[in-house]
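Down below is the structure, laid out as structure tokens.
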Amino acid sequence: MIKSKLLMLLVVGLLLAGIAAAQDAPDDDAVWSAFTGWFRTAPQERDLFGMYSAKLGAEGVPEAEVRRRLAVIVKLFAERPEGAEILYDRTYSRPLTGDPSLDSPREPSAFVVEAAKGLKPGTALDLGTGQGRNAVHLAAQGWDVTGLDMSQAGLDEARANAAKAGVRIRTVKGTYEAYDPGVDRWDLIVVVFAWAPVEDPSFLARLKASLKPGGVVLVENFVADSEHPHAPMVRAHKPDGLKTLFADFELVSYEEKEMTADWGGPGSLVVRMAARKRS
């Protein structure tokens, strides 16, 4: 009887301890708020989550709780635009180091340069324009370019780069969810390493509707498979996924291959697609 009572007390104690621990664990909003507050002034290092994990550990947060919070942060990075905004404001404000693995790319995408060669210049929308590397190139070729990005630091740099090149571009600060691309408005849409939600049906429908008949969309991004995983925030595509998403378009060119990508190191699996809206 005594052993049974002791066992019961032990079980109750463990249950109460678990309830208390659950009550002490911050909810998703609190986890995100704490992370973004730290992120705004964190050192410029590549291993962002490693740094934050070490910080939480030094504060006495249990390892299991650290893992839970990091999982929440990774999930919310793909859902809440302020995370990407802070990330790229910091990235575009960072001085050049001369190390391609650390610096953001400044030259236009080789894919965009080649794919746009045979196109008659018209109106172009550059999604995730960043510092304007593709927008400035297209403007120099005679395109009337609008660049959309959520990073003010990137847009400021894009306008400065356009001025240096002697061209003009329009810039719009906004998110993919809030921006209205219009209907039958663009001759060309560029989606190059833009973290755009192309696989979201609502976004995809708006993107397609905004292209003029005969207009072309250029997509370049990472492909995720078992050998090439990516965080959700990157919005990497499934193998051959773009072919399905743009089955109603004319496929001008399509390739998936391992390469050293503009925004990734050797061994990245990248998709490059040019597709034309049927007239």
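The values are calculated or read from the model by the stated rules, or taken from the named source; none is laboratory data. What you see is a predicted model, and the numbers here were worked out from it, not measured in a lab. Ideal geometry is used to build each Cβ from the backbone, glycine not excepted, and the neighbour counts take in all protein chains shown. Side chains are part of the model used for accessible areas, which takes the heavy atoms of the whole protein and leaves out ligands, DNA and RNA. Shrake-Rupley method; radii C 1.70, N 1.55, O 1.52, S 1.80 Å.
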Highest to lowest packing among 177-186, 242-251, scored as the average C-beta count within 10 Å: 242-251, 177-186
FRET efficiency, 1/(1 + (r/R0)^6) with R0 30 Å, evaluated for Val74 and Ala209 via beta carbons: 0.40
Antiparallel DSSP beta bridges within region 120-279, as percent of all bridges there, nearest 5: 45
Alpha carbon centroid spacing (whole Å) that separates region 149-183 from region 43-87: 29
Carbon/sulfur fraction of accessible area - the chain, other protein chains in place, 1.4 Å, %: 57
Eligible lysines near Lys55 by straight Cα distance, threshold 21 Å, same-chain separation 8 or greater: Lys75
Estimated inter-spin distance, Asp27 and Ala160, nm [label 7 Å along Cα→Cβ]: 4.1
Mean separation of Cα contacts under 8 Å (6+ apart) over length of region 83-224, as relative contact order %: 23
Nearest-ten-degree value, helix 152-165 long axis tilted from longest Cα axis of the chain: 20
Highest-MSF residue in the chain out of Gln141, Gln131, Gln44 [GNM, Cα springs under 10 Å]: Gln44
Computed accessible area, Asp89, all protein chains, 1.4 angstrom probe, square angstrom: 40
FRET efficiency for Glu255 and Gln141, using Cβ-Cβ distance with R0 set to 25 Å, rounded to 0.05: 0.65
Structure-derived P(r) over Cα pairs in 10 Å bins from 0, in percent - corresponding label in (1) 6, 27, 35, 25, 6, 0; (2) 6, 25, 31, 19, 9, 5, 3, 2, 0; (3) 7, 32, 37, 19, 4, 0: (2)
Convex hull per residue volume in Å³, alpha carbons only, for region 232-279: 90
Accessible area (Å², 1.4 Å probe, nearest 10) - Phe35: 0
Average Cα contact separation per residue, the chain, under 8 Å, 6 or more apart, as relative contact order %: 14
Debye log10 I(q)/I(0) for region 140-195, one point scatterer per Cα, at q = 0.15 Å⁻¹: -0.47
Within the chain, helix-based [θ] at 222 nm, where runs of 4 or more DSSP H residues each add -39,500 (n - 2.57), nearest 500: -13000 deg cm²/dmol
Residue-normalised accessible area of the chain, given per residue in Å² at a 1.4 Å probe: 52
Thr36, Thr41, reordered so the largest accessible area comes first (probe 1.4 Å): Thr41, Thr36
For the chain, with +1 on Lys and Arg beta carbons and -1 on Asp and Glu, the positive-most of His237, Ala42, Val172 along the dipole: Val172
Fraction of alpha-carbon pairs over 25 Å apart in region 129-279 - percent: 30
Counting DSSP beta bridges with both ends in the chain, the antiparallel % (nearest 5): 45
Region 103-168: trypsin sites (Lys or Arg not before Pro) in DSSP loop, at most 12 other beta carbons within 10 Å: Lys117, Arg168
